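Student: Below is one structure. I have some questions about it.
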Amino acid sequence: MKKIRQRSSFLLITVLVCASVFLFGEVAEAAWPERPIEFIIMAGTGGGADRYARFLISINTKDKLIDEAILPVNKAGGAGAVAMQYVLSQKGNNHMMMITLNSFLTTPLFQNLPFNYKSFTPLYLVALDNFPLWVHKDAKWKTAMEFIEDAKTRSILVGGTGSKQEDEIVWRTIEAKMGTKPFKYVPYKGGGDVAKALVGKEVEATVNQVSEAGPFYPEFTRPLCVFQEKRLTAEGYENVPTGNEVGIPIEYTMMRGIFGPPGMSDEAVKGFIDLFDKLVQTQMWKDFASKSGLMTDGRTGAEFNKFLDTFNQAHIETMKAAGWLK
Amino acid sequence: METLANLMVGFGVAIQPFAMLMMTLGLLLGLLVGVLPGLGGTAGVALLLPLTVLVPKEVAVIFLAAIYWGALFGGVITSVLFAIPGEPWSVALIFDGYPMAKKGKAGVALAAAFLSSFVGIFVAAIFFVAFALPLAMLALKFHAPEMFCIMLLAFSTFVGLGTGDASKTLVSTAFGLILTMVGLDIVTGAPRLTFGSIAWLSGYHFVPVTIGLFGIGEIMIDGEERFTTEIKEIIHAKLGWQDIKEAFQATKKHFGLTGLSAVLGFFVGILPGTGATPASFLGYGIAKQYSKNPERYGEGAIEGILAPQAAANSAGTGALLPMVTLGIPGSPTAAVLLSGLYMWGLWPGPRLFLEEPVFVWGLIASLFLAGAVCLIICLAGTPMLAAIMRVPWGMLTPIIVVACFVGSYVMRNIMFDVWCTLIFGGIGYVMKKLKYPLAPLAVALVLGEMAERFLRQSLIMSDGSLAIFVTRPLSGTFLAIAVCLFLFPVYQLIRAKKQAGGEEAEA
């Protein structure tokens with residue numbers, strides 16, 4: 001008898017343990033994220049997008065906003081085409097996100113790829129980054145208009161990252177809108193090389209972001225204006241006028257957006273939005289954003305989609321005007 | 001005097017037990033990522049970067065820099081033992097390191113590589129302390145035309161690299177140059193030679209290609225030899241300290257060459273956009289050019305290890321100089337460290353030196369300490385590493401092959417690179433059988449991309465006129481040296497013919 005009782009209690013315990021593991025295991029599994037998140041960077045290590053991605057990850061490491069780790073994966077190549085193709089191949093993966101540059105829009109257009117921004121799940125528009133007009137501190141131009149007037153008389157040597165990408169778009173837009181002579185545009189490999197070119201007087205002007213060119217101001221360089229709606233909020237930049245103020249009606253920004261593969265679950269989308277809502281509230285991010293003069297955005301869902309449609313259309317028009325698209 | 005006082009402050013930071021502990025940990029991690037082909041110092045630093053928010057920034061930067069130093073040392077191990085480049089800058093180590101290992105002198109080759117690594121780091125550290133700011137300003141004067149002429153200079157030292165048939169060397173170089181053309185055109189942004197494939201847009205990276213050419217190709221040749229002839233299973237790698245003693249003596253004997261390569265490497269390294277890889281090739285090329293018996297190179301000359309490795313490590317260290325002094329990343333690794341500054345709440349740039357002396361000088365002081373500690377770790381491990389050569393071939397090879405493929409994948413996380421390694425393994429095998437030299441191909445693949453970029457940037461600046469290379473004093477000088485080096489083999493050839501002709505006439 002005793003043996004049977006022993007056996008049955010053993011059985012009972014086993015059943016209970018199994019049931020609880022099953023039940024609670026189920027509960028734990030339902031929560032997002034279930035496993036580490038892959039963070040795709042559509043550029044190489046050390047570039048601007050890479051810096052943002054690793055910065056965001058370091059905030060999560062420090063403040064533990066989600067329980068799982070975020071793993072950065074660089075997929076450079078083809079001006080972002082390789083990264084985009086990879087993310088598209090991960091349909092329904094709830095643990096993947098990608099940080100983008102504007103080449104997210106321009107590369108599919110220019111390279112004529114079989115996909116575009118609509119193929120992805122838009123998650124979060126973290127911020128819009130700036131394009132100031134930088135010259136060397138010894139340059140003769142005191143105002144942006146002086147620069148433009150000079151550019152109407154000769155082809156000025158300018159630099160930027162890559163070709164047929166953001167920086168060149170800005171220069172070609174200035175050309176078209178202000179009727180200057182064509183700029184001699186030198187493509188560099190990354191923002192660091194561009195900064196070096198201006199500091200070393202290899203080129204006469206650049207449109208690097210504050211986060212990349214800022215360290216050299218005021219020792220080596222100075223900004224003449226910034227091509228956006230409102231003035232820069234960063235300390236030391238309050239007196240830099242916008243393009244509109246000085247008669248150069250150009251507004252252009254760099255999209256620091258987060259996208260996921262197609263077919264993500266609603267829960268994962270919500271999880272990502274929550275995560276980024278928390279990330280941009282941290283002191284570490286706020287300090288970085290204010291020093292870099294970022295316009296923190298925070299648009300998601302339908303609003304983000306609307307922004308993308310407008311932004312893409314603007315790119316198509318600029319690229320057509322420059323003769324890059326038929 | 002002020003510099004010395006600052007350096008003392010720096011040592012005060014770097015010698016703290018916690019900093020030393022993190023440094024040693026960093027070095028060990030760096031050695032590990034250095035050994036794994038494909039997973040380089042840049043990737044290692046980038047991988048651990050977000051974690052460093054958890055320690056004080058002075059320690060964080062020492063830890064990350066230590067990973068980088070470790071990788072600079074560790075990259076040579078697989079190059080010497082298996083002809084697989086652990087790091088891009090250790091490709092040049094294959095040329096003579098691997099033949100030495102095959103002759104049973106793996107221990108000597110490794111120890112020599114470690115010793116010259118140390119010399120490189122040490123020389124660079126002294127330059128760093130003494131002339132950081134003036135050198136950074138000098139580096140700014142090197143624009144695209146100067147950089148192009150330096151690339152030409154590097155090419156010119158390799159003219160005589162393929163011992164044997166000159167036309168085969170030319171074919172090999174041209175093949176390398178064609179490979180660098182694949183991908184996006186840097187000026188127009190249009191795809192080149194990609195045949196409509198998105199994967200090809202990435203272009204051929206030289207790490208997967210060299211892993212295939214040298215590593216897989218060598219394994220196939222080895223396997224064939226073993227199949228046709230009965231080979232003694234073990235290369236007699238002696239265990240013990242004899243090897244290290246021999247390496248010490250060799251380094252002492254060629255100390256001038258090693259030191260000079262280190263100085264040269266440092267100057268190449270501080271030029272933004274170059275890094276350690278061209279420096280190592282330049283070091284190798286020049287050592288060979290000035291050798292009294294260059295025919296020994298490629299067959300296991302110890303100078304062929306000392307010179308490129310000293311240059312590479314010195315350049316790798318030098319690449320940090322523009323980053324620390326001005327905030328300009330001189331190499332991919334420096335760019336990643338720069339991202340770290342933002343994380344630690346610092347703002348890079350010319351003010352960093354003044355506003356954060358403890359941070360900057362702690363890093364500089366750690367150069368000396370890391371170099372010494374890493375040398376000790378490596379030398380202590382050398383007999384063990386050399387003993388790997390005693391593992392039976394049939395057991396070792398599968399592991400190497402797996403490492404090759406994993407390594408080529410992790411470099412850029414694309415499958416295309418894995419196929420590259422496989423296919424170039426075959427190409428390497430065929431080229432070796434037909435006696436085409438592989439080294440010029442590797443050099444062309446590395447330098448070709450940079451040379452093209454600098455050339456085309458220069459031509460945009462000059463509206464297409466080639467005169468820009470001659471009219472600028474610095475680039476003109478480099479160009480003249482490069483042309484002389486190109487013509488040197490021709491001159492030798494003519495002289496040799498004349499002598500031969502003279503002898504005939506006498507007879």
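The values are calculated or read from the model by the stated rules, or taken from the named source; none is laboratory data. Because the structure is a prediction, the values reported are computed rather than measured. Note that we place each Cβ from the backbone using ideal geometry, even for glycine, and neighbour counts take in every protein chain shown. Please note that ligands, DNA and RNA were not included when accessible areas were found on the heavy atoms of the full protein model with its side chains. Shrake-Rupley method; radii C 1.70, N 1.55, O 1.52, S 1.80 Å.
Student: May I ask for the equivalent-ellipsoid semi-axes of chain A, computed as the square root of five times each C-alpha gyration tensor eigenvalue and listed largest first in whole Å? Don't jump to the answer; show the numbers that get you there.
Tutor: Working: eigenvalues 468, 84, 49 Å².
Ellipsoid half-lengths, sorted descending, are 48, 21, 16 Å.
Student: Here's another thing I want to ask about it. Say the cut-off is 18 Å between C-alpha atoms; which of A:LYS140/A:LYS189; A:LYS137/A:LYS164; A:LYS164/A:LYS184; A:LYS164/A:LYS189 go over it?
Tutor: Values: A:LYS140/A:LYS189 28 Å; A:LYS137/A:LYS164 28 Å; A:LYS164/A:LYS184 13 Å; A:LYS164/A:LYS189 13 Å.
Table pairs above 18 Å Cα-Cα are A:LYS140/A:LYS189; A:LYS137/A:LYS164.
Student: How do B:ARG390, A:ARG154 stack up against each other in accessible area, from largest to smallest, with a 1.4 angstrom probe? All intermediate terms of the calculation are to be shown ahead of the outcome.
Tutor: Numbers: B:ARG390 110, A:ARG154 80 Å².
The ordering from most to least exposed comes out as B:ARG390, A:ARG154.
Student: From the square roots a ≥ b ≥ c of the eigenvalues of the alpha-carbon gyration tensor of chain B, which class results: rounded (a/c under 1.5), prolate (a/b over b/c), or oblate? Present the calculation step by step, with values, prior to reporting the outcome.
Tutor: On the way: a/c = 1.42, a/b = 1.18, b/c = 1.20.
Rounded, since a/c falls under 1.5.
Student: What lysines sit close enough to A:LYS142 to cross-link, taking a C-alpha to C-alpha distance under 18 Å and skipping anything fewer than 8 places away on the same chain?
Tutor: The qualifying lysines are A:LYS152, A:LYS201.
Student: Cα gyration tensor of segment A:282-326, axes a ≥ b ≥ c as square roots of the eigenvalues: rounded (a/c below 1.5), prolate (a/b > b/c) or oblate?
Tutor: Because a/c hits 1.5 or more and a/b fails to exceed b/c, segment A:282-326 counts as oblate.
Student: When the accessible area of segment B:89-153 is computed with all protein chains present and a 1.4 Å probe, what percentage of it is carbon and sulfur?
Tutor: C and S fraction of accessible area: 82 percent.
Student: I would also like to ask the following. Before rounding to the nearest 500, sum -39500 (n - 2.57) across all DSSP H runs of length at least 4 in chain B and divide by the residue total; then give [θ] at 222 nm in deg cm²/dmol.
Tutor: Numbers: 23 runs with 369 residues, N = 507.
Rounded to the nearest 500, it is -24000 deg cm²/dmol.
Student: Continuing with the same structure: At 1.4 Å probe size, put A:CYS225, B:CYS484 in order of accessible surface, largest to smallest. Let's see the in-between values first.
Tutor: Values: A:CYS225 0, B:CYS484 90 Å².
Descending order: B:CYS484, A:CYS225.
Student: Put B:ASP185, A:ASP67 in order of accessible area, largest first, 1.4 Å probe: what do you get?
Tutor: Numbers: B:ASP185 15, A:ASP67 150 Å².
I get A:ASP67, B:ASP185, largest accessible area first.
Student: Next up: Could you work out the mean count of beta carbons from other protein chains within 10 Å of each residue's beta carbon in B:183-193? Let's see the in-between values first.
Tutor: Working: counts 3, 9, 3, 5, 5, 4, 13, 5, 6, 0, 0.
If you average over the peptide's residues, the count of other-chain Cβ atoms is 5.
Student: In whole percent, and with a 1.4 Å probe on the protein chains, what portion of the accessible area of segment B:205-335 is carbon and sulfur? Display every interim value, and only then the final one.
Tutor: Values: 3070 of 4830 Å².
Carbon-and-sulfur percentage of accessible area, whole number: 64.
Student: Provide the solvent-accessible area of A:ARG299, counting protein heavy atoms only and rolling a 1.4 Å probe, rounded to the nearest 10 Å².
Tutor: Only protein atoms counted, so the area is about 70 Å².
Student: Step through the table entries A:LYS230/A:LYS278; B:LYS168/B:LYS498; A:LYS181/A:LYS320, compare each Cα-Cα distance with 21 Å, and write down the pairs that go over it. Present the calculation step by step, with values, prior to reporting the outcome.
Tutor: Numbers: A:LYS230/A:LYS278 25 Å; B:LYS168/B:LYS498 24 Å; A:LYS181/A:LYS320 18 Å.
Check vs 21 Å cut-off fails for A:LYS230/A:LYS278; B:LYS168/B:LYS498.
Student: For chains A and B, what's the summed buried accessible area, probe 1.4 Å, to the nearest 100 square angstrom? Mind showing how you got there, number by number?
Tutor: Values: alone 15930 and 21670 Å², together 33420 Å².
Using a 1.4 Å probe on protein heavy atoms, the buried area is about 4200 Å².
Student: Where the centre of each part is set by its Cα atoms, how far does segment B:243-264 sit from segment B:308-332, in angstrom?
Tutor: If you average the Cα positions of each part, the centres end up 22 Å apart.
Student: Something else about it: Under unit Cβ charges (Lys, Arg +1; Asp, Glu -1), what dipole magnitude, rounded to 20 debye, does segment B:378-504 have relative to its Cα centre?
Tutor: Using Cβ point charges on Lys, Arg, Asp and Glu, segment B:378-504 gives about 220 debye.
Student: Go ahead and estimate [θ] at 222 nm for chain A from helices alone: -39,500 (n - 2.57) per DSSP H run with n ≥ 4, summed, over the residue count, rounded to 500.
Tutor: Calculated mean residue ellipticity at 222 nm is -14000 deg cm²/dmol.
Student: May I pose another question? Cut-off under 13 Å on the C-alpha distance; same-chain residues fewer than 8 positions from B:LYS292 excluded. Which aspartates and glutamates are left, in chain and number order?
Tutor: B:GLU303
Student: What is the mean number of Cβ atoms from other protein chains located within 10 Å of the Cβ atom of each residue in peptide B:337-343, rounded to a whole number? Write out the running numbers ahead of the final one.
Tutor: Values: counts 1, 5, 11, 4, 2, 11, 10.
Counting other chains' Cβ atoms within 10 Å and averaging over B:337-343 gives 6.
Student: Compare the Cα positions of A:HIS95, A:MET284, A:PRO187 along the charge dipole of chain A (+1 at Cβ of Lys, Arg; -1 at Cβ of Asp, Glu; about the Cα centre) and return the one farthest towards the positive end.
Tutor: Positive-most Cα among the choices belongs to A:HIS95.
Student: Using the Kirkwood formula on the Cα atoms of segment B:208-367, what hydrodynamic radius do you get, in angstrom to one decimal? If you can, show how the numbers build up before the last one.
Tutor: Working: mean 1/r = 0.0536 Å⁻¹.
When all Cα pairs of segment B:208-367 are included, the Kirkwood radius is 18.6 Å.
Student: Where the convex hull is taken over the Cα atoms of the protein assembly as shown, what is its projected area averaged over directions, in nm²? Walk me through the numbers on the way to the answer.
Tutor: Working: hull surface 176.4 nm².
For the protein assembly as shown, averaging the hull's shadow over all directions gives 44.1 nm².
Student: Kirkwood Rh over Cα pairs of segment B:347-433 into Stokes-Einstein at 25 °C, 0.890 mPa s: D in µm²/s?
Tutor: Diffusion coefficient, whole number: 139 µm²/s.
Student: In addition: To make sure I understand the rule: partners must be aspartates and glutamates, Cα under 19 Å from the Cα of A:LYS62, and not fewer than 8 residues away in the same chain. Which ones qualify?
Tutor: A:GLU38, A:ASP50, A:ASP274, A:ASP277, A:ASP287, B:GLU58
Student: Going by the alpha-carbon gyration tensor, a ≥ b ≥ c the square roots of its eigenvalues, is segment B:398-448 rounded (a/c under 1.5) or, if a/c is not under 1.5, prolate (a/b greater than b/c) versus oblate?
Tutor: Values: a/c = 2.38, a/b = 1.40, b/c = 1.70.
The shape class here is oblate.
Student: Here is a further query. At a probe size of 1.4 Å, how large is the accessible area of B:ILE494, to the nearest 10 Å²?
Tutor: 100
Student: So with the 1.4 Å probe, I'd like the accessible area per residue for the protein assembly as shown, rounded to whole Å².
Tutor: I get 40 Å² per residue for this part.
Student: Right, here's the next one. Using a 1.4 Å probe and ignoring any ligands, DNA or RNA, find the accessible area of A:MET42 and quote it in Å² to the nearest 10.
Tutor: 10
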